[in-house]
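All remarks here apply to the structure that follows.
Each reported figure results from applying straightforward, stated rules to the coordinates on display, with no laboratory input. Just so you know, these numbers come straight off a predicted model, no measurement behind them. Every residue, glycine as well, gets a Cβ built from its backbone with ideal geometry; the counts of neighbours run over all protein chains shown.
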Ligand SMILES: Cc1ncc(COP(=O)(O)O)c(C=O)c1O
């Protein structure tokens, strides 16, 4: 199967690869997927006092499309409010990366990852 | 070096230039283009002679009689003909078949079809090294078992089954024994005078012949009967109708003859190259060989690079043509059923790469492959949250993952 240009670009030059301190109160971590299914994404966001995502990092075990989906997402969420980030739809990711139908699940996983990260951050604020 | 480097010889091989050249002489008006079944004129006779020679060349590689060779379109058709042909012919003797979970789909799906027709099939497990436990095989046989089908060499792992012993067991129990030899012919010796094998499937394109042609060996003594799956002009003694594709058969014959002449030399070289590749990779952390190293053909190395997903690794190895046991491309997300049958967990099955080398692989290419693979595995592990967890001493199996 041939990969789209944007997938290859993100795959070869992934943006925002890295790790944040999961324990830090201004960091939200979302880890989704399962090794047995062939993809695991860890997406982390750092949120400032006014609820804007200042930084985002990811690491992904999975195919090129999974890596590209999470890389793209980290770019998109930076500078967004939590509400805005929550609105990002998997279909937008799939469209931007021109994912073929068999790879759409990668974008779904990315959407799950950002939601999980936001909810982790929010639960920390409530605690 | 020419890029991309071809390391997928088990998927198919290039046609040997000597074979391709000769095949061209059987197509045009300048060549021998006649129908081998045209017995009334010289065009037909010349074609018939060519087919006869090809039949002889195929038979000689496996120490069989030329009259035991039935031409087909490939190993898929041979497997279908053998399994369905025997089942349909001998159904009055019983309706039970024994095969193995690591077989090629051509065997497994033929068996599935028979199940739909009311036959019963036992699919045997293999040991972690990919080999069948002979006691398990023996225990699976029943009074109504008519056929056992076991592949000689596995296409994913290159593991060689002990078909000599399995053949003895079958013969002692009066069970017809079929062997899919698509991946073994021309790579390891096959002696059908010695082996108690009744039917054997072959393909030309796995050993430097053309695609779209194969053969089924059908034993004469003791005689094995088949019900034809392809009806028509009654070619191949009624077992497989259809005008013989002279140029394809000549190509297969040449490929089998060259294999007979050069197998020893080829294997020595491949053994050395395979050893070089394995030596160059095996000291990496969390690298696992899939399948037995000793009972394996020389051209195969199937490795799992833990914590790296196979498809992304294939994408990273873009200058190389390899295949992966990971099936992220399919909607099912199921990793290789062969590796699963070896007891590999899903993660390792998803992390596997099959390197298969052959006649035109060079040492220079192997060195490049080693360097590139090491570099890309390192890069992808730096991207892998699972690798981080492994490095932090977290047991990935202790985590409750949400399956999706
Ligand atoms: C073990 C085995 N059996 C059968 C086949 C099918 O062979 P063919 O492509 O000639 O139909 C293959 C090749 O894919 C194979 O590896």
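Structure notes:
- Look at the stretch B:379-392: the mean tally of other chain Cβ atoms within 10 Å of its residues' Cβ atoms is 5.
- Relative contact order (percent, whole number), region B:278-404, Cα cutoff 8 Å, 6+ residue spacing: 26
- Whole-angstrom gap from region B:379-394 to region B:229-272, using each part's C-alpha centre: 48
- Centroid-to-centroid separation of region A:16-69 and region B:1-67 [C-alpha atoms, Å]: 57
- Solvent-free Debye calculation, one equal scatterer per alpha-carbon of chain B: log10 I(q)/I(0) at 0.06, 0.11, 0.12 Å⁻¹ equals -0.26, -0.84, -0.98.
- What the Kirkwood sum gives for region A:28-127 is a hydrodynamic radius of 13.2 Å, with every pair of different alpha carbons counted.
- Comparing B:62, B:224, B:188 in a Gaussian network model of chain B where C-alpha atoms under 10 Å apart are linked, the largest mean-square fluctuation is found at B:224.
- Mean separation of Cα contacts under 8 Å (6+ apart) over length of region B:89-237, as relative contact order %: 18
- Burial ordering of B:284, B:252, B:389, B:151, fewest other beta-carbon atoms within 10 Å first: B:284, B:389, B:151, B:252
- Cα long-axis angle, helix B:363-382 against chain B (0 to 90 degrees, to the nearest 10): 40
- Per residue of A:63-69, other chain Cβ atoms within 10 Å of the residue Cβ number 5 on average.
- Label point of residue B:283 set 7 angstrom out along Cα-Cβ; within region B:365-404, amide nitrogens under 15 Å from it belong to B:370-371, B:374-375.
- Two-site label geometry, residue A:89 and residue A:17: point separation in nm, points 7 Å out along Cα→Cβ: 3.2
- Percent of beta bridges antiparallel (DSSP, region B:127-265, rounded to nearest 5): 50
- Across peptide A:24-36, the mean count of Cβ atoms from other chains lying within 10 Å of each residue's own Cβ comes to 4.
- Rounded to the nearest 500, the helix-only mean residue ellipticity at 222 nm of chain A stands at -14500 deg cm²/dmol, with each DSSP H run of n ≥ 4 adding -39,500 (n - 2.57).
- Counting neighbouring Cβ atoms within 10 Å and putting the fewest first, the residues A:124, A:59 line up as A:124, A:59.
- In whole percents, the pair-distance distribution calculated for region B:355-404 from its alpha-carbon pairs, binned every 10 Å from zero, is 20, 31, 24, 19, 6.
- Convex hull volume of region B:34-147 per residue (C-alpha atoms, cubic angstrom): 147
- Taken over the C-alpha atoms, region B:239-398 has Rg and Dmax values of 18.8, 65 angstrom.
- DSSP finds beta bridges in the protein assembly as shown, and of those with both partners inside it, around 70 percent are antiparallel.
- Note on B:370, A:118: ascending count of other Cβ atoms within 10 Å places them as B:370, A:118, the fewest first.
- Per-q log10 I(q)/I(0), region B:119-171, q = 0.17, 0.28 Å⁻¹ (Debye; single scatterer per alpha-carbon; no solvent): -0.54, -1.32
- Enclosed volume per residue, in Å³, of the convex hull spanned by Cα atoms of the protein assembly as shown: 168
- With a Förster radius of 45 Å applied to the beta-carbon distance between residue B:392 and residue B:265, the computed FRET efficiency rounds to 0.35.
- Region B:211-261: Cα Rg divided by the 2.2 N^0.38 Å rule of thumb: 1.32
- Computed helical MRE - 222 nm, chain B, DSSP H runs ≥ 4 contributing -39500 (n - 2.57), nearest 500: -11500 deg cm²/dmol
- Antiparallel DSSP beta bridges within region B:165-244, as percent of all bridges there, nearest 5: 60
- Normalised by the number of residues in region B:41-168, the average gap of Cα pairs under 8 Å and 6 or more apart makes the relative contact order 23 percent.
- Distance from the C-alpha centroid of region A:82-105 to that of region B:181-210: 49 Å, rounded to the whole angstrom.
- Taking the C-alpha atoms only, the angle from helix B:105-116 to the longest principal axis of chain B is near 70 degrees.
- Tilt relative to chain B, helix B:75-89 - C-alpha long axis, 0 to 90 degrees, to 10: 60
- Our Cα-only numbers for region A:71-118 put the radius of gyration and Dmax at 10.3, 31 Å.
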